[in-house]
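Structure, as structure tokens:
The values are calculated or read from the model by the stated rules, or taken from the named source; none is laboratory data. All values derive from a computational prediction rather than experimental measurement. Because the Cβ atoms are built from the backbone with ideal geometry, glycine has one as well, and the counts that use them run over all protein chains shown.
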Amino acid sequence: MFILAVLVSGSILTYFSINNISNLKELTEKRILEEQRDLAAQFTENLGQEIEGITGRFEQEIIPSRLFIDSLRKSANAHVFIKQSFLLQNNGVFLYPNFSFIPENSANANRSSRYRTTFSKGETAEFQSNNFRLASNHYRSAIKYGQNATDSAKAMNAVARVSIKSGETEKALNQYNSILNNFCNATDEYGIPYLNFAIRNFVTVHDTALVARVLKSAALCLEKMESGEIPLAWQTEELLVQFSEWLKNSSFQKNKKRIADLTSRIQQQINFFNRWQNEISATLENENSLNHQQVSHSFRVLNSYSASPTELLLVNSGEHFTYGFLIDGDALFQSTLKEVSNMDTEFDYSIAFPLGYSNNQPDISYTALLNPWFPRQPLRIKLDDENAIPKIIRKRSWIYGVASTLLLVAMLLGIYLILRDIAREKRLARLRADFISNVTHELKTPLTSIYMFTESLLLGRVKPAKAKNEYLSVILKESERLKRMISNILEFSKMEKGKPDYFFTVTNMAALINGSLQEMDYWLEKENFEVITELDESIEMKVDADKLKQAFVNLISNAVKYSCAEKKLEIKLYRNKHDVEVEFRDQGIGISQKQLSRIFEKFFRADPKEGISGTGLGLTVVKEIVEAHGGTINAESQVNKGSKFSVILHDKTAEL
């Protein structure tokens, strides 16, 4: 029946295998396309979630504008794919990046006559008389008459200018720092921030004693430019180039990287403003409405065909502000790819973002546009291994071809397993028979001795009191021997049923070992054993004293039974960190390494020397008792050199 079942199932498998191989290519291609579509859909979904994670934080406008700018900048800094954030009023004035234009109304109308007169005297002394000290005094007086931040910044800038001409660079630096700390957003009548003049003059400083202060002030100035506190102007880019060249030639290294990073971000703001200013402003006038598709949280996508297909400008026009983000698609794609790459697919794929469509595409690939975010950017998914399908077909052919062989092997294996089970049952039956025979012999021996000595005493054959005591001692020891055998059998029976009973009490371990030796005292004296003990009297543990004593007696009994000419037994009790160890070392016949791994199996007996009988349960019971105490037992032995059994008990009280 077994062979018939194998043949029938093999025939059915062969039929379906041949039929499946013929359709395998078509099915595999269909499965690959389905996975590619799922990958593309998951990528687009994750792309949208990344963008919605940004736009969702700005569903409402933040007042005042400074806090709004800070929130936009924090979001940009938190995401590597945000190239630039921006904020402008609905009248078209950019607040971030803060770009300065020529003011429509001159500030002169608001200046007091005393300010204009004093400042004019300073200009006369500076440019006509070249009296820089007098000019500085007039400019300082003008600071007092200033009506607003622009007046004060203009006068301070003039003081700094004449200080530079007088060679008093440190004084000029102090004036520029005052402008930086108090009037950083002030511009002149041409829309040029006064701090631009500071940067222009910083590059003329070559005094090594002042370079550190210049760099510190420059870094703070650039930070405020980058944050929008200092407005940018048309000549800012030129100033940054000059400052970068001066910094490159400077030997002072501190703050160089920080300044270089700030310069790069400011340049990025300038590029953004130059590139997108007109198109963003046009959204306020509802121009190019076809390109303003709303996508997420009131944000619209501004698609510019003059821009890169991987650039995405998200714009939101609120009640007071228009704001948004310029997204670097390449960085966003790489960030999203990390999540998609964790998808569980049968095949390995590569995802690419080509520049437009191409007629030269792989046979099995999937291409889709990243709508609505990047409508001009295609996404292409293809197999990493173009030979994957032929490999699958060859692999499946081998699998089906080998199936019949495997069926034959399975049949042979089944027969082997059946024969092995039969052999195991025979072995267990033989072991049980040997066990019964050994138990019968083991029980019969002490019973015979008890009967013989008891009969002699009852019949009065033994007259001297000393001899009677010897006979009674033999009867007692044989009874104890019989009791031990019965205890081992009962303990094994409970162990087999899984219901051993243990009662733990605090016990002195040295006393327990001495009690075990006392129980074996008769046999030790009879065999002329030399017993050497090295016991730590202070060790106390919570154990089942009766069960553990039974285990120790079994180990001592084995040492006696399997002894050689040198009858010596060494017992050690000591503490090893949190463990208590008991060692039993004898000089007996030993155990071969082949049999050592099986000595704890039930019914197993190593090849004993002639005349030694046993049940094969002694060490099995020892192992069960020790493990019930949470311990382990290890055995080491060499043939004709003796054995050592180590009982290791974990003492939980020692950890406290």
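Couple of notes before you dig in:
- Out of 158, 153, one residue alone is touching an Asp or Glu at 6+ places or on another chain (Cβ under 8 Å) and modelled with pLDDT of 90 or more. It is 158.
- Residue 572 meets all of the listed conditions (1) more than 14 Å from residue 517 (Cα to Cα); (2) touching a residue at least 24 places away in the same chain (Cβ under 8 Å) but one, namely (1).
- Residues located in segment 209-262, provided they are of a type in the set (Asp, Glu) and under 14 Å from residue 196 (Cα atoms): 223, 226, 229, 237, 238
- Subset of segment 229-238 that is surrounded by fewer than 20 Cβ atoms within 10 Å (Cβ to Cβ) and without any contact (Cβ under 8 Å) to a residue 60 or more places away in the chain - its residue that is farthest from residue 99 (Cα to Cα): 238
- Of the residues making up segment 429-453, those that are at pLDDT below 70 and surrounded by 13 or more Cβ atoms within 10 Å (Cβ to Cβ) are 431, 434, 435, 438, 439, 442, 443, 445, 449.
- Considering only residues in segment 186-199 that are free of Cβ contacts under 8 Å to residues at least 60 places away in the same chain and outside any helix (DSSP H, G or I), the one that is surrounded by the fewest Cβ atoms within 10 Å (Cβ to Cβ) turns out to be 188.
- Scanning segment 380-394 for residues that are farther than 11 Å from residue 28 by Cβ and not hydrophobic (A, V, I, L, M, F, W, C) turns up 380, 382, 384, 385, 386, 387, 394.
- Checked against the criterion of being at pLDDT 75 or above, within 30 Å of residue 348 (Cα to Cα) and of a type in the set (Ser, Thr, Tyr), the candidates 400, 366, 416 yield just one match: 366.
- Residue in segment 83-100 that is surrounded by 13 or more Cβ atoms within 10 Å (Cβ to Cβ) and β-branched (Val, Ile, Thr) present: no
- Screening 541, 509, 520 for residues that are at pLDDT below 85 and either of a type outside the set (S, T, N, Q) or within 51 Å of the chain's Cα centre (by Cα) (or both) leaves exactly one candidate, 520.
Here's the yes/no breakdown for (1) in contact with a strand residue (DSSP E or B) (Cβ under 6 Å, 6 or more places away or on another chain); (2) buried (at least 16 other Cβ atoms within 10 Å of the Cβ); (3) at pLDDT below 85; (4) assigned by TED's automatic domain parsing to the domain that holds residue 219:
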| residue | (1), (2), (3), (4) |
| --- | --- |
| 266 | no, yes, no, yes |
| 293 | yes, no, yes, no |
| 300 | yes, yes, no, no |
| 305 | no, no, yes, no |
| 322 | yes, yes, no, no |
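- Some residue of segment 167-177 being without any contact (Cβ under 8 Å) to a residue 24 or more places away in the chain, polar (S, T, N, Q) and surrounded by 15 or more Cβ atoms within 10 Å (Cβ to Cβ): yes
- Residue identified as in contact with a helix residue (DSSP H, G or I) (Cβ under 9 Å, 6 or more places away or on another chain) and either at pLDDT below 75 or more than 19 Å from residue 559 (Cβ to Cβ) (or both) among 463, 499, 526, 547: 547
- Matching entry among 224, 257 (being crowded, with 17+ Cβ neighbours inside 10 Å, basic (Lys, Arg) and farther than 23 Å from residue 133 by Cβ): 224
- Segment 35-47 residues that are in contact (Cβ under 8 Å) with a residue 60 or more places away in the chain, paired with ones that are among the charged types (D, E, K, R) and in a helix (DSSP H, G or I) (beta carbon under 9 Å, 6 or more apart): 42/339; 43/339; 46/339
- Within segment 200-214, no residue that is closer than 12 Å to residue 164 by Cβ and in contact (Cβ under 8 Å) with a residue 40 or more places away in the chain sits with its Cβ atom under 7 Å from a residue that is assigned to a helix (DSSP H, G or I) and among the basic types (Lys, Arg) at 6+ positions apart or across chains.
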